[in-house]
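The block underneath contains the structure these notes are about, expressed in structure tokens.
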Amino acid sequence: MSISDDIQAFLDDGHSKELRDQLVAYVGSSKSKMKQLMTYFFHDEWRYNQRASWAVARIASINPTLVDPYLAQMVNELDSPKHDAVKRNTLRIFEDIDIPKHIEGELLDKCMDYLVDTKQAIAIRCFSITVIDKIVQGFPELAPEIIEILNDQLDYPQSAGFKVRAKRTLQSLHKLASQ
């Protein structure tokens with residue numbers, strides 16, 4: 001069996017934390033196995049995207065260098081994800097890693113769009129808040145604009161998780177803006 005066949009077998013077996021962890025262990029720190037897993041992350045079949053994205057997010061938290069070659073493509077994929085899980089897991093990855101300078105602008109734009117789009121899943125909007133805060137730390141001149149947008153969002157009914165993230169980010173941005 002090839003690496004691709006092995007990875008597909010993991011993904012075909014179902015969708016559980018146990019299977020995800022087995023797949024993560026199988027990939028380990030292998031760049032060739034990661035490359036094959038990423039073909040499923042970008043696959044046309046949504047089930048493969050969904051399941052692979054969960055494993056990729058876990059791998060990125062353990063060994064972020066394995067996802068480095070794919071970050072720009074992951075940001076591009078946010079334009080047309082096949083499943084919300086891909087958006088959610090992609091943003092989760094960007095919460096935990098150092099974001100390369102060359103993709104910050106595009107990622108910030110996408111996260112801003114998700115933040116203000118009340119039709120987006122709450123997890124996507126919450127992860128977007130954290131990614132926005134990370135990026136804006138390098139661009140303090142943007143803090144006042146983001147503060148205004150977050151305050152506007154808090155004027156509407158929001159989930160408890162959204163409110164907590166927004167308020168935490170507002171504290172961070174107010175501190176940044178006052179420097």
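The values are calculated or read from the model by the stated rules, or taken from the named source; none is laboratory data. Predicted, not measured: the structure shown is a model, and the values here were computed from it. Positions of Cβ are generated from backbone atoms using ideal geometry, with glycine treated the same way; all protein chains shown enter the neighbour counts.
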Worksheet item: What do you reckon, is GLY28 without any contact (Cβ under 8 Å) to a residue 12 or more places away in the chain, closer than 26 Å to SER80 by Cβ and assigned by TED's automatic domain parsing to the domain that holds TYR70?
Response: no
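Yes/no per residue for (1) among the hydroxyl-bearing types (Ser, Thr, Tyr); (2) more than 18 Å from ILE97 (Cα to Cα); (3) part of a helix (DSSP H, G or I); (4) not assigned by TED's automatic domain parsing to the domain that holds LEU107:
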position	(1), (2), (3), (4)
LEU23	no, yes, yes, yes
ASP44	no, yes, no, yes
GLN50	no, yes, yes, yes
ALA55	no, no, yes, yes
ALA60	no, no, yes, yes
GLN73	no, no, yes, yes
Discussion item. Can you tell me how many residues within region 56-85 are free of Cβ contacts under 8 Å to residues at least 40 places away in the same chain and within 21 Å of LYS17 (Cβ to Cβ)?
Written reply: 13
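Quick check on LYS87: is it in the same structural domain as ASP5 (by TED's automatic domain parsing), farther than 20 Å from VAL27 by Cβ and buried (at least 21 other Cβ atoms within 10 Å of the Cβ)?
It is true that LYS87 is in the same structural domain as ASP5 (by TED's automatic domain parsing), farther than 20 Å from VAL27 by Cβ and buried (at least 21 other Cβ atoms within 10 Å of the Cβ).
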Worksheet item: So which residues in region 101-157 are surrounded by 20 or more Cβ atoms within 10 Å (Cβ to Cβ) and hydroxyl-bearing (Ser, Thr, Tyr)?
Response: TYR114, SER128
Practice prompt. Scan (1) surrounded by fewer than 21 Cβ atoms within 10 Å (Cβ to Cβ); (2) modelled with pLDDT of 95 or more; (3) not basic (Lys, Arg) for the single condition ALA60 breaks and write down its number.
Written response: (1)
